[in-house]
Amino acid sequence: RQMALFGAGIKQLLDEVKTYLDEGNYAAAADAANRIPEHKVKTASEFNILGRAYKKNEDFLPAKRMFELSYAERASRVTLLDLMDCCLMTGDVEEAEKYFDEYHRVSPEDKVTLYSYRYKIEKKKGRDKELLVSILEELKAVEYLEEYAYELAKLYHKLGMAEACMNECRDIILWFGVGATVERAKALLAYYKGELSLEDIKT
């Protein structure tokens with residue numbers, strides 16, 4: 001009976017973590033996760049709940065630990081992405097590449113994820129801008145994502161590729177229409193038209 005009661009307590013705490021996550025109260029979610037003994041967590045989904053709580057609270061080392069335990073229980077592509085994120089946030093690029101290679105092995109057809117994480121890894125390694133441009137251009141050819149579109153425009157700008165930068169800004173405005181990224185693209189385009197100074201925009 002004591003074990004059953006304890007099991008119910010773990011379930012209650014996990015439900016508490018999920019509730020806090022749904023509410024966006026990530027500090028409380030991580031605090032509730034801290035009250036759950038690791039050795040009492042058994043399933044990949046439970047480890048993932050704890051991992052999400054820590055990750056959302058930007059506690060990346062305990063998040064990584066939970067995702068590692070989850071992956072050991074059940075190999076999942078989503079968990080590999082979480083592991084790459086945690087490694088990149090803690091500066092462990094070598095381990096991020098290990099998980100990237102594993103993702104590439106199990107999902108070679110997922111070009112969007114492969115290009116986007118290759119970009120993140122190479123950027124974290126401080127690789128030259130020309131390489132980063134080539135990765136983002138390949139990503140754009142597969143799928144045009146707002147998250148990376150302005151990154152490409154910024155790289156063109158930093159490399160002194162004015163025409164390419166202006167074309168990219170026009171593409172952003174055309175494709176995405178409204179939003180913060182579009183406004184930044186409009187400002188950068190205005191700079192090239194002589195309507196704004198570089199100090200007036202955030203590149």
Subset of the stretch 124-148, residues farther than 18 Å from T181 by Cβ and open to solvent by 20 Å² or more (accessible area, probe 1.4 Å), comes to K124, K125, G126, R127, D128, K129, E130, L131, S134, E138, A141, V142
Output for Cβ contacts, cut-off 6 Å, separation at least six or different chains, first residue under 27 Å from D59 (Cβ atoms) in the stretch 89-109, second assigned to a loop (DSSP other than H, G, I, E, B), reads V93/K125
By my count, helices (runs of 4 or more DSSP H) wholly in the stretch 69-153 with at least 2 residues that are over 22 Å from K55 (Cα atoms) are 93-106, 111-124, 129-142
Exactly one of K154, K158 is in contact with a Ser or Thr (Cβ under 8 Å, 6 or more places away or on another chain), among the basic types (K, R) and open to solvent by less than 50 Å² (accessible area, probe 1.4 Å), and that one is K154
Residue check: is Y20 touching a residue at least 24 places away in the same chain (Cβ under 8 Å) and buried (at least 17 other Cβ atoms within 10 Å of the Cβ)? yes
Per the filter on the stretch 28-64, residues of a type in the set (D, E, K, R) and more than 15 Å from L13 (Cα to Cα) are K55, K56, E58, D59, K64
Filtering the stretch 70-87 for residues that are within 12 Å of S107 (Cα to Cα) and basic (K, R) leaves a count of 1
Output for Cβ contacts, cut-off 9 Å, separation at least six or different chains, first residue in a loop (DSSP other than H, G, I, E, B) in the stretch 24-46, second of a type in the set (S, T, Y) and surrounded by 12 or more Cβ atoms within 10 Å (Cβ to Cβ), reads N25/T19; T43/S70
Filter result for E151 (modelled with pLDDT under 95 and closer than 23 Å to V182 by Cα): no
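The values are calculated or read from the model by the stated rules, or taken from the named source; none is laboratory data. From a predicted model like this one, the values you see are computed outputs, not experimental measurements. Virtual Cβ from ideal backbone geometry, glycine too; neighbours counted across all protein chains shown. When the accessible area is computed, the model is the full protein with side chains, heavy atoms only, and any ligands, DNA or RNA have been set aside. Shrake-Rupley method; radii C 1.70, N 1.55, O 1.52, S 1.80 Å.
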